[in-house]
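> Would you mind keeping the following structure in view while I ask a few things?
The values are calculated or read from the model by the stated rules, or taken from the named source; none is laboratory data. In this text, all values refer to a predicted model and were calculated from it rather than measured experimentally. Counting neighbours? That spans all protein chains shown, and the Cβs are built from the backbone with ideal geometry, glycine included. Just the protein is used for accessible areas: all its heavy atoms, side chains included, with ligands, DNA and RNA removed. Shrake-Rupley method; radii C 1.70, N 1.55, O 1.52, S 1.80 Å.
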Amino acid sequence: MSGTTSATESQPDSTVSGPQRPSPVTLRREEFPDADVLAAWNELVLGTPGTDVTQLSAWATIRTSVGYRPRYLLAYQDERLVGGALILRRRLLGFLSLGYLPYGPVIASDVAERAVVASALVEELVAFARTQRLMFIQPPEHAQDVSDALLARGFRPSKAGIAPAGSYRVDLTPPLEQIRAGFSKRLKSWTNRWESKGVHVRRGDEGDLPLLISLMTRTGARQGFTPPPLDYVRTLYRELDALGQAAIFVGEVNGVPVSADVVTVCAGMVRGRLGGFDSSGETGKLSVPAAVRWEIIKWAKQRGHRYLDFGGLPEPMLADMIEGGIHSSEQWPSAQRSKLAFNGHAFRYPTPVEQIYSPLIRWLYDYGMSHRGGLAVVATVKDLLRGNRGRVRCGAASRRSPGGSQIFPR
């Protein structure tokens, strides 16, 4: 194994009576762990609710294809892997070292002393951040304690968008008919009419990825985002499909494909990852994307998954729904309003945090995130970080990407 090993907790004093102190946490830093370590890491990620495929070793391979390098932080207690983080690093503009951690760190849900493991990982993340010009972290669900600890250690709340601030999901545990009963009246009606209108949804495969990109290009033209390159999406699908953690669904009207969605699966969560829709002509009136989502719900429930996550919601919509108790608004983007027909619920992730040690870089970054001219530059940087070869239009800087405004792709 490469990397260093360090003990982060002192050994318990056997002469002191009272409750037994937790086992010390040993942290290992790895760039290229061996196969056994990666298998243990993937098992931990897939067994920990609230995390995401962006912490699987397959994601390191996916992101390596567009210029990132992985760094694993692995936490052990008594030789058992109990937590860790897959950090992705790259250089920007030749001199800016950037690290980001999406949906991490991961901590085993059955660990006896979570606070001890979390504290060890936080200390290591703080140390790692000092080696980077910019560092961004989005803790997973149920990890606000990690956000709070990082904020207490000098990080600040981040608006960079390394992951959506929140999302919208449907609980798949009730009976299927009960899930359908919660749909809007219009959507329930469509579930009985799609077949007569020639709408059919099928499971796709890798051969449908060019179709997906074509449909995403049409959606992007309407919503102001640039789809990722086909070779990147092909790598993403192959790596995750090999683990059984990805699927593609294609919606057709009289045999003509007009909608496609790629979903990923992790720890009982099915997430919408990539999607596109050709809304032109009469087929645009048949709610084919909803038919695709209904098929995904049935597929996910049959396989025993817990939730279907529809993808990120923009911050203003989250604030309206969660803080304001608003259930519907014409001010919300229509593409986001369509999710509400499935009777799910909105939720927030823990506070995303960032650390930028250089005062000059922090000033330039803050300017870029708050001024129109800077937003155009930020939009281009977003495209480069996603691995896109082209440049977005300057006017797209204030528009929404498929999962909300994000610097980093999910």
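> Would you point out which residue out of Leu81, Leu150 is open to solvent by 20 Å² or more (accessible area, probe 1.4 Å) and either in contact with a Leu (Cβ under 9 Å, 6 or more places away or on another chain) or in a strand (DSSP E or B) (or both)? Step through it out loud before you land on a result.
Details: Leu150 fails: open to solvent by 20 Å² or more (accessible area, probe 1.4 Å).
Sole residue among the options that is open to solvent by 20 Å² or more (accessible area, probe 1.4 Å) and either in contact with a Leu (Cβ under 9 Å, 6 or more places away or on another chain) or in a strand (DSSP E or B) (or both): Leu81.
> When residues of region 292-319 are filtered for being in contact with a strand residue (DSSP E or B) (Cβ under 9 Å, 6 or more places away or on another chain) and modelled with pLDDT of 90 or more, how many remain? So that I can check it myself, show each step before the final result.
Here is the first cut: in region 292-319, the ones in contact with a strand residue (DSSP E or B) (Cβ under 9 Å, 6 or more places away or on another chain) are 292-297, 299-301, 303, 305-315, 317-318.
So of that shortlist, the ones also modelled with pLDDT of 90 or more come out as 292-297, 299-301, 303, 305-310, 317-318.
Matching residues across region 292-319 total 18.
> Next question. Could you please find all residues in region 119-143 being more than 25 Å from Arg69 (Cβ to Cβ) and open to solvent by less than 70 Å² (accessible area, probe 1.4 Å)? Quick ask: steps written out before the conclusion?
Kept after step one, since they are more than 25 Å from Arg69 (Cβ to Cβ), are these residues of region 119-143: 119, 141-142.
Selection gives Ser119, Glu141.
> Hey, any hits in region 159-175 for a residue that's open to solvent by 40 Å² or more (accessible area, probe 1.4 Å) and modelled with pLDDT under 95?
Start the filter on region 159-175 by keeping residues that are open to solvent by 40 Å² or more (accessible area, probe 1.4 Å), which leaves 159, 171, 173, 175.
Next, only the ones that are modelled with pLDDT under 95 stay: 159.
Yes: region 159-175 contains one or more residues that are open to solvent by 40 Å² or more (accessible area, probe 1.4 Å) and modelled with pLDDT under 95.
> Going through region 345-366 one residue at a time, which ones are of a type outside the set (A, V, I, L, M), surrounded by fewer than 19 Cβ atoms within 10 Å (Cβ to Cβ) and either assigned to a helix (DSSP H, G or I) or modelled with pLDDT under 90 (or both)? It would help to see each step written out before you state the result.
Going through region 345-366, the residues of a type outside the set (A, V, I, L, M) turn out to be 345, 347-352, 354-355, 357-359, 362-363, 365-366.
With the extra rule that they be surrounded by fewer than 19 Cβ atoms within 10 Å (Cβ to Cβ), the set shrinks to 345, 347-348, 357-359, 362-363, 366.
Result: Tyr357, Ser358, Pro359, Arg362, Trp363, Asp366.
> What residue, of Asp261, Asp278, Asp241, is buried (at least 22 other Cβ atoms within 10 Å of the Cβ) and acidic (Asp, Glu)?
Values: Asp278 fails: buried (at least 22 other Cβ atoms within 10 Å of the Cβ); Asp241 fails: buried (at least 22 other Cβ atoms within 10 Å of the Cβ).
Sole residue among the options that is buried (at least 22 other Cβ atoms within 10 Å of the Cβ) and acidic (Asp, Glu): Asp261.
> Take Thr191 and decide whether it is within 27 Å of the chain's Cα centre (by Cα) and in contact (Cβ under 8 Å) with a residue 60 or more places away in the chain.
Numbers: within 27 Å of the chain's Cα centre (by Cα): no; in contact (Cβ under 8 Å) with a residue 60 or more places away in the chain: yes.
Judged against the criteria, Thr191 is not a match.
> Of the conditions (1) part of a helix (DSSP H, G or I); (2) touching a helix residue (DSSP H, G or I) at 6+ places or on another chain (Cβ under 7 Å); (3) of a type outside the set (S, T, N, Q), Ala115 satisfies every one except a single condition; which number is it?
Tallying (1) part of a helix (DSSP H, G or I); (2) touching a helix residue (DSSP H, G or I) at 6+ places or on another chain (Cβ under 7 Å); (3) of a type outside the set (S, T, N, Q), Ala115 fails exactly one: (2).
> So which residues in region 306-326 are touching a residue at least 40 places away in the same chain (Cβ under 8 Å) and either charged (D, E, K, R) or open to solvent by 40 Å² or more (accessible area, probe 1.4 Å) (or both), if there are any at all?
Arg306, Tyr307, Asp309, Glu315, Ile322
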